[in-house]
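Have a look at the structure below, then the notes.
Just so it is clear, none of the values below were taken in a lab; they were calculated from the coordinates. Only a predicted model underlies this, so the values are computations on that prediction, with no experimental measurement involved. All Cβ positions, glycine included, derive from the backbone under ideal geometry; neighbour counts span all protein chains shown.
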Amino acid sequence: MGTKTMDETRAGNGAEATNDEEKADVTKAGKTAEETTGHTAEGSAGHTAEDTTGPTAGEPAEEARTEGEAEESAIERPSGVGQGAGAVVSAALGIVSLTGNWVGTVAAARQTLIGQLQTSSSASVAKQIKAVYGDAWHTTALWGGLFALAALLVGVVVLVRPAFGAPGKPQDTWVKSVAWAGVSLGVVGLLLAVLKYSDVLLALPSGG
């Protein structure tokens, strides 16, 4: 009976030691799991917060900055439509000054009628030619010169406009070309008008 008691005591002590070791292992495993879970949760939460906060908060600011720059560029840089229209008008006025215009034709016909009404049949031939044809010719030259002067002024304004506009905005090549064409036609038309009005070019015939 004594021997059995000692053996049972030893067996009981061994079982208790084994149970203590198993409990210690379970406790270590639980702590390890908690630490691993905590680090993983903290890391995931940190990355998620950074990913969500960083780009989402930055994108609206970048979009607003881009929209602001686009609006400033649109305000500072004119489209050039007005300059193109002015260049075309200048060239058209120059062509009209050379080929004639409806206003000049009507004014010349009116002046011819006035000369016929104011000149008697007993007047000299030279006076009749001047009153009927000479004044009408000068009226046509005058209106041609006015259109030529308008073409010249509009073309010059278009060419010098970039100097008073937004810096760094070059003028389109076609606008310059058409504006220079209008200026050239205006100069030629103005010169011809002066020569015709002063009887240097195509002077009236003498009345003998």
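Mind putting a number on the dipole of segment 110-181 about its Cα centre? Charges go on the C-beta only, +1 for Lys and Arg and -1 for Asp and Glu, and I need it in Debye to the nearest 20.
60
May I ask you to compute the full-extension gain from L153 to V106, defined as 0.36 nm times their residue separation minus their alpha-carbon distance, rounded to one decimal in nm?
Computed gain between L153 and V106 is 14.5 nm.
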